[in-house]
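First up is the structure itself, then whatever we jot down about it.
The values are calculated or read from the model by the stated rules, or taken from the named source; none is laboratory data. No experiment lies behind these values; they were computed from the predicted model shown. All Cβ positions, glycine included, derive from the backbone under ideal geometry; neighbour counts span all protein chains shown.
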Amino acid sequence: MRKPLTVGSLIPGRSIPSQPQITSLHTSPAPVAKKNGSSSTSRQQNVQHVRVKQRDQVFQVRAVPRETILSAALAQGQAIEYKCQQGQCGKCAVQLIEGSSCLSSPGNQEKDKLGSKLSQGYRLACQSTFRSMTQNS
Ligand code: FES
């Protein structure tokens with residue numbers, strides 16, 4: 001059995017063990033808590049984000065409850081184009097590719113500005129807000 005390293009063993013002239021003794025603190029891996037029904041598939045379904053397309057560029061934006069797509073995107077470093085941020089210019093229009101269930105229903109301003117494009121999946125990024133996590137539909 002080798003002597004464990006101590007402060008005294010590091011004093012010049014004292015002998016230093018060639019291999020420090022390593023003691024394992026854990027003999028078995030820590031237990032992993034499992035929630036009911038958790039799996040990689042259900043975990044993926046819990047990931048809340050939208051994927052939107054604007055002028056041939058696709059952006060993935062993590063859902064932030066009650067924030068607009070635009071403000072969440074900008075905070076996440078996604079360069080969605082915009083101008084007025086008031087639902088008037090239409091510059092921030094994006095087409096939803098994925099995640100429409102994360103968003104609240106379009107308001108009158110979006111309906112007026114987008115018209116028939118709304119049914120094609122377009123939304124105004126500055127007006128579309130993410131649902132709060134407790135909303136169901
Ligand atoms: S930035 Fe003008 S409508 Fe959204």
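Would you point out which residue out of Lys113, Lys117 is surrounded by 16 or more Cβ atoms within 10 Å (Cβ to Cβ), assigned to a helix (DSSP H, G or I) and at pLDDT 95 or above? Explain how you work it out, then say what you get.
Values: Lys117 fails: surrounded by 16 or more Cβ atoms within 10 Å (Cβ to Cβ).
Being surrounded by 16 or more Cβ atoms within 10 Å (Cβ to Cβ), assigned to a helix (DSSP H, G or I) and at pLDDT 95 or above holds for just one of Lys113, Lys117, which is Lys113.
I'd like the residue in region 58-105 that is touching a residue at least 24 places away in the same chain (Cβ under 8 Å) and of a type in the set (D, E, K, R) and, out of all such residues, is farthest from the ligand (Cβ to nearest atom).
So, considering only residues that are touching a residue at least 24 places away in the same chain (Cβ under 8 Å) and of a type in the set (D, E, K, R), the one farthest from the ligand (Cβ to nearest atom) is Glu98.
Check Lys91 against each of (1) out of contact with any helix residue (DSSP H, G or I) (no Cβ under 8 Å at 6 or more places or on another chain); (2) crowded, with 18+ Cβ neighbours inside 10 Å; (3) assigned to a loop (DSSP other than H, G, I, E, B) and name the one condition it does not meet.
With respect to (1) out of contact with any helix residue (DSSP H, G or I) (no Cβ under 8 Å at 6 or more places or on another chain); (2) crowded, with 18+ Cβ neighbours inside 10 Å; (3) assigned to a loop (DSSP other than H, G, I, E, B), Lys91 is out only on (2).
Where the second residue is modelled with pLDDT of 95 or more and crowded, with 21+ Cβ neighbours inside 10 Å and the first is of a type in the set (Asp, Glu) and lies in region 109-137, which pairs have Cβ atoms under 6 Å and are six or more apart or on separate chains?
So the pair list comes out as Glu110/Leu124; Glu110/Gln127.
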